[in-house]
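Just below is one structure, and these are the notes that go with it.
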Amino acid sequence: MTRFTLITRSLLRNPGRSVMLALTIGLAFFVYLIIASFEEGFHPDSGKAQRLIVTSKSGSATPLPMAYFAQLQQMPQISRITFTARSRATYRRQDNYLGLVATNPASFTNFAGSQYVFPPDAVAAMEGSRDGALVGRSLADQEGWQVGQTISLNAFSFETRERTRDFSFTIVGIFDSRQPIDTHFVIVNYDYINLVRTTNKDTVSSFGLVPADGQRLDDIIIAVDDAFANSAYPTRTQTETQFMKEFVSQFADITTIVRLITTVGFATILMIVANTMYFAMRERTREIGVFKIIGFSNSFIFTSMLAETFLLFGLGLALAYPTAYAAVAALKQPLSLIVPSISLTPAIALSAIAIAAALAAFAGGIPAFGAMRIPPLAAMKE
């Protein structure tokens, strides 16, 4: 009889209990893999890590003067620059939300061209039309919008002289994404919005910067923030990755949620498995004594019981990974507007394996150590 046969027969001594343990472990790791994939979806691509976002030091809700744009253009460390005035908006119903981005079409499409596909003729048409608008593919598909259609949007942050927040736009083009990212927004001309609005005129929500070749991000961040440090509107410059993380944290601290759920779930598993393995060891006290009497070493007994726990966690992972992978694949489309880049990456899978190994060592190590210390004669009396 091989050691593996001995281990599997020990687990199958009580198949119902072993199956329930494997399912419990699998469920916990399934939840971990899904939530970790959800968190991964908020991590922007590497291209975003090379771009900078300039917002007010007071917070992204505080606008910055449009006059900063000309000053930033003069900085030799910056190769491309754009600006945006953002607002949440609704279409027809108050619960039908979308993003509204007022900007300069040429500078924005040049800045975001690595992420989105903007039809050149549509960009040219928008520049020649005051109320022209570019619409994201997911939004256009959802609403059934077509090029040439006029739409009316209610913008939360923009108000006209007539005390209305309703704006009409003509769709001049539909843009797509080059990767799984959000396209649920409308791009409009900043000059049009700024002309008719009565509040926060000549201001923007943020500036987007692309460093020139060979320039260090940290040096540009310091240079930009120092340039406006003594002004009435000091700035805060950060990478687009950091900006997106802070934006998401306004609604929920995803990292803390992941860690909290993971800690609670795995602590529960640890107690369940350790307790079950301890009682399994007590049930097999006489068997352990027999092994010792016929010559099996303490190390053999210790590693065999520990291997049982590792096998249980391995079975749990084997159940969790394919089901989590299938679930993430199924959730990609429904969650594309909220978490565009949700993905179960190899790094997440490896972290699950590392966590499983640590939990198995702890949950199985204590009962296995207790089994190793059982005196043979005392075991035979059980």
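The values are calculated or read from the model by the stated rules, or taken from the named source; none is laboratory data. None of the values given here were measured: they were computed from a predicted structure. Here the Cβ is made from the backbone with ideal geometry for all residues, glycine too, and neighbour counts use every protein chain on show. Calculation scope for accessible area: heavy atoms of the full protein, side chains included, ligands and nucleic acids excluded. Shrake-Rupley method; radii C 1.70, N 1.55, O 1.52, S 1.80 Å.
Key figures for this structure:
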quantity: For Gln149, residues with placed amide H under 5 Å, excluding near neighbours; calculated: Ile171
quantity: 5 Å binning of all Cα-Cα separations within segment 132-172, expressed as whole percents from 0 upward; calculated: 6, 22, 27, 21, 14, 8, 1
quantity: FRET efficiency, Thr263 to Met20 (Cβ-Cβ, R0 25 Å, nearest 0.05); calculated: 0.65
quantity: Length-normalised contact order of segment 24-160 in % [C-alpha pairs under 8 Å, at least 6 apart]; calculated: 20
quantity: Length gained when the stretch Met75-Arg88 is fully extended (0.36 nm per residue, less Cα-Cα span); calculated: 1.5 nm
quantity: Distant-in-sequence amide H partners of Ile78 (H built 1.01 Å from N, under 5 Å); calculated: Ala212
quantity: Amide N of segment 90-114 lying under 18 Å from the label point, which is placed 7 angstrom from the Cα of Thr170 along Cα→Cβ; calculated: 105
quantity: Residue-level accessible surface for Val101, protein heavy atoms, 1.4 Å, Å²; calculated: 10
quantity: FRET E, pair Ala354, Leu27, Förster distance 25 Å, beta-carbon r, rounded to 0.05; calculated: 0.85
quantity: Assigned charges on the beta-carbon of Lys, Arg, Asp, Glu; segment 44-127 dipole about Cα centre (debye); calculated: 300
